[in-house]
1. Multiply the residue gap between A234 and V282 by 0.36 nm, knock off their C-alpha separation, and tell me the result in nm, one decimal place.
2. Can you return the aspartates and glutamates within cross-link range of K129? Criterion is Cα-Cα under 18 Å, with same-chain partners fewer than 8 residues away left out.
3. Could you size up the charge dipole of region 318-469 around its Cα centre, putting +1 on the beta carbon of Lys and Arg and -1 on that of Asp and Glu, and report it in debye to the nearest 20?
4. Enumerate the calculated ³J(HN,Hα) couplings along region 251-264 in order (Karplus 6.51 cos²θ - 1.76 cosθ + 1.60, θ = phi - 60°), each rounded to whole Hz, writing x wherever the residue is Gly or Pro.
5. Could you name the aspartates and glutamates in cross-link range of K425, using Cα to Cα under 15 Å and dropping any fewer than eight places away on the same chain?
6. By the scheme Lys and Arg +1, Asp and Glu -1, what is the net charge of all other residues having a beta-carbon under 12 Å from that of S404?
7. 222 nm [θ] for the chain, helices only, -39500 (n - 2.57) per DSSP H run of 4+, per residue, to 500?
8. Can you grab the distance from the C-alpha centre of region 352-409 to the C-alpha centre of region 223-284, Å, no decimals?
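All of the numbers you see were taken from the coordinates with simple rules; none came from a lab. In this text, all values refer to a predicted model and were calculated from it rather than measured experimentally. Note that we place each Cβ from the backbone using ideal geometry, even for glycine, and neighbour counts take in every protein chain shown.
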Amino acid sequence: MGRRFKKKVSMRIPLVIMLFAIGILPMFLQGRLLLTSLRQNQIEARILEIQNQALILSNQLTQAGYLSGEVTDTLLDSQMDVLADVFNGRIVIVDSDYQIIRDTFRLAEGKYHISEEVIRCFRGENSSKYNRDKHYLIETFPIYGAGSQGRIDGVMVVTASTASILNLTDMVGEKTTMFEVMALIVMVVGILMFMRLYMGPIYAFQRALKRFAAGDMGEIHVDDYRETKEMSAAVSQAFTKLREVDNSRQEFVSNVSHELKTPITSIRVLADSLMSMEDAPVELYREFMVDISDEIDRESKIIDDLLSLVKMDKSAGEMNISQVNIGSLLELILKRIRPIAKKRNIELTLATIREVTAEVDEVKLSLALNNLVENAVKYNREDGWVRVTLDADHKLFTIKVADSGIGIPEEFQTRIFERFYRVDKARSRETGGTGLGLAITKNVVQMHRGIIQVNSVEGEGTVFTVQIPLTYIP
Ligand SMILES: Nc1ncnc2c1ncn2[C@@H]1O[C@H](COP(=O)(O)OP(=O)(O)OP(=O)(O)O)[C@@H](O)[C@H]1O
Ligand SMILES: [Mg+2]
């Protein structure tokens, strides 16, 4: 899983790009668009203004009879100069001989100006040309003769530059760019902070998981944010379970080896002491051999129990289900145990409240119930009793095994179902227990989708209750 996650870490990059695109791109595009249209507007307004002013001037020139020969109106001349200045350009007046009679630059007076625009203007076609690349405007205006109405006596050529507008829009552009760069920085910082905020806990979580995977079974706590807090709580819970399983597994292994070794150690001690004795009496041999045989029995019981547990763990699905009369099964079990009970004068009874036939694995269930009844006898007092009852409703059948025995202290009641767990180690040893019986019983009950409960008062007795569905649920 760690490896898969590593491959997908690059999710950070698409996220950044996405945020970036959402945040900065529209702003950037809008800025550029606005700037272009602003420039366009400004230029158009400027052209219009120049045209108006120039038209007024050309009218004035017409009215003053500027081209009549006696050029005396110095006011008009200076007005022309001022206008050319304002336009940041040049005004040239050409007479009907195409000779320049007035140039605000004073460079070309007396020279000829024969250009397409001028010729066309004399023909009555006004022309207006804007050079987009060099940012200037050439416009021609007719000047009419004083007396003769309608005759074009001269042409005013106005050249004006719009470079100043460009300067203005460039300035605006610079400001916009500056603003955009600032926004970009803010955005990047924001994104980084967001990533830290948003992804940080996830990475912390990932690190914690990796540590866990590497074998550090410590706590996982990423509590900085609510989302990860919940997540880490859930994972912590899962890990606690895992840790418990791990612990119980380790305990189980050490218990197994201990339990398996104990009888062998006894056998070895018995055998060694016999061998060290010269001329040991036959009775002693016999006595020791009986002990050795008991220990071998014990060892083989432990191995049998372990094997049946392992088998159940492995083949949980392998249930040999058939219709079984539970009452008869219980009678059989009681019959087997009765001789042991009799030895200590323990009364062993079965009460069948309702006849029950259920779908169960007969061998497994018999193993489980046998252990319950055996325990009830084993952990009982002299002259005590064991009462087994069988009942059922429309869904479940219930078996209760009650005894008048030593009882189980409250604090051990949850632990007795663990493998190898025994409340009183010395006593269990005496009675030949290994502590696997209830683990097997619980396993079997659970394989039948049933439940097992214990109710016990120390010194008074114990009741084990088993409830199993009448029809097997695979
Ligand atoms: N009816 C009971 N009354 C009192 N204590 C009980 C009773 N049943 C079980 N116990 C306690 O629970 C422990 C676990 O029982 P369990 O059947 O698993 O093991 P065991 O009887 O000691 O050994 P095994 O059944 O493997 O031979 C027992 O050692 C005993 O201390
Ligand atoms: Mg037992």
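1. Here the segment from A234 to V282 would lengthen by 10.6 nm.
2. E44, E49, E116, E117, E139
3. Dipole size: approximately 400 debye.
4. 4, 4, 4, 5, 5, 4, 5, 5, 5, 6, 7, 4, x, 5
5. Once the sequence-local aspartates and glutamates are set aside, what remains near K425 is E259.
6. Within the 12 Å Cβ shell, the charges total -2.
7. -19500 deg cm²/dmol
8. First find each Cα centre; the distance between them is then 29 Å.
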